[in-house]
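One structure coming up, written as C-alpha cells, with questions to follow.
The values are calculated or read from the model by the stated rules, or taken from the named source; none is laboratory data. Because the structure is predicted, anything quoted here is derived from the model rather than measured. Virtual Cβ from ideal backbone geometry, glycine too; neighbours counted across all protein chains shown. For the accessible areas, the whole protein counts, side chains as well, though only heavy atoms, and no ligand, DNA or RNA atoms are used. Shrake-Rupley method; radii C 1.70, N 1.55, O 1.52, S 1.80 Å.
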Amino acid sequence: MTGAGVAPAVGRVIFTQAQIAEAVQRLASAIAATHRGQLLVLVGVLKGGACLISDLARALSAVPGGPSAIMVQHIVVSRYRGSTASDAPVEIIADSGRSLEGANVVLADAIVDRGLTLAALQALFKARRPATLRTCVLVDKPARRTAAIVPDYCGLQAPDAFVIGYGLDYKEWYRNLPYLAELREEQTV
Ligand code: IMP
Ligand code: MG
C-alpha cells in the first residue's frame, strides 16, 4: 500500500472518539474563560490540526460567555516530510500573512512532540505583534520535548509513540480515523 513491503497498520487505540470529544470540550471551556468578551483569532495548524480546529471552533461558539466573535485562520506547515523522522526543519507551506497586530490569537495544533513546530510558529506569530498569543494542543507527548514549549491549553497526554488519526497522519494516511491510535508496522507478503 505505501511501498517497501511494509504496510502501516492501526495499532492500539490510545484515545477514543468520546475521549477526544470530551477533551475538545475542556479546551473550548478553558479558551472561552480566558477570552471572555474578546475578539478571538483561532489559527489552525494544518494539516494535522484540521479536525481539532473544526471541532474546537464549533465547541467554542457553544460555550456561553466566551469570545464575542471568532475568526478562524489556517497555516500550513510541514515537519516530517512524509516520514516519522523528527529532525526535519519546519517549513511554511501556506500562510495568510494577514495582520494580527493587537489581536488575541490562539494557535491550535493536534500534537506537540519535540516542540519545534510550535516554537517556530510562536516566533513567527509573535513578530506579528498580537495583543495575546496562546497555544493549544489536543495531544501532548512530553517525553521527547527539545524546545522549551509548554502549551497554554492541553487536552490529552500521550505516551511516546507515533500516533495516527483525528488529523494526524502516517505518510498522509489515516488522518480520517475518528480516534487516536498507535501506528503499528506489519510485514506484508
Ligand atoms: P514537533 O515539532 O516535534 O513538536 O512535531 C509536531 C508536528 O509533527 C505536529 O504538528 C505533527 O504534524 C507531527 N507529529 C508529531 N508527533 C506526531 C505523531 O505522533 N503522529 C503524527 N504526527 C506527529
Ligand atoms: Mg504529518
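For segment 159-189: of the residues being more than 13 Å from ligand 1 (Cβ to nearest atom) and in a loop (DSSP other than H, G, I, E, B), which is farthest from the chain's Cα centre (by Cα)?
So the residue we want is Val189.
Another one. Identify, please: which residue in segment 130-158 is part of a loop (DSSP other than H, G, I, E, B), more than 10 Å from ligand 1 (Cβ to nearest atom) and open to solvent by 60 Å² or more (accessible area, probe 1.4 Å) and is, among those, modelled with the lowest pLDDT?
Looking at residues that are part of a loop (DSSP other than H, G, I, E, B), more than 10 Å from ligand 1 (Cβ to nearest atom) and open to solvent by 60 Å² or more (accessible area, probe 1.4 Å), I get Ala148.
Check off (1) modelled with pLDDT under 95; (2) surrounded by 19 or more Cβ atoms within 10 Å (Cβ to Cβ); (3) part of a strand (DSSP E or B) for Thr117 and give me the number that stays unchecked.
Checking Thr117 against (1) modelled with pLDDT under 95; (2) surrounded by 19 or more Cβ atoms within 10 Å (Cβ to Cβ); (3) part of a strand (DSSP E or B), the one that fails is (3).
Only one residue in Ala110, Ala131, Ala148, Ala127 is under 20 Å from Ala94 (Cβ atoms) and out of contact with any Cys (no Cβ under 8 Å at 6 or more places or on another chain), so which one is that?
Ala127
Determine the pairs where a residue that is assigned to a strand (DSSP E or B) and more than 16 Å from ligand 1 (Cβ to nearest atom), located within segment 62-78, has a partner that is modelled with pLDDT under 95 and open to solvent by less than 40 Å² (accessible area, probe 1.4 Å) with Cβ atoms under 8 Å apart, the partner being 6 or more residues away or on another chain.
Partner pairs satisfying both residue conditions: none exist.
Which one is surrounded by the fewest Cβ atoms within 10 Å (Cβ to Cβ) among residues in segment 19-53 that are touching a helix residue (DSSP H, G or I) at 6+ places or on another chain (Cβ under 7 Å) and β-branched (Val, Ile, Thr)?
Per the stated criteria, the residue is Val24.
I'm trying to understand the selection: among the residues of segment 96-115, which are charged (D, E, K, R) and more than 11 Å from the chain's Cα centre (by Cα)?
Arg98, Glu101, Arg114
Give me the pairs, please: first residue somewhere in segment 171-184 and touching a residue at least 12 places away in the same chain (Cβ under 8 Å) and over 11 Å from Val10 (Cα atoms), second residue anywhere and within 11 Å of ligand 1 (Cβ to nearest atom) and of a type in the set (Phe, Trp, Tyr), beta-carbon distance under 9 Å, and either six or more positions apart or on two chains.
Lys171/Tyr80; Arg175/Tyr166; Pro178/Tyr166
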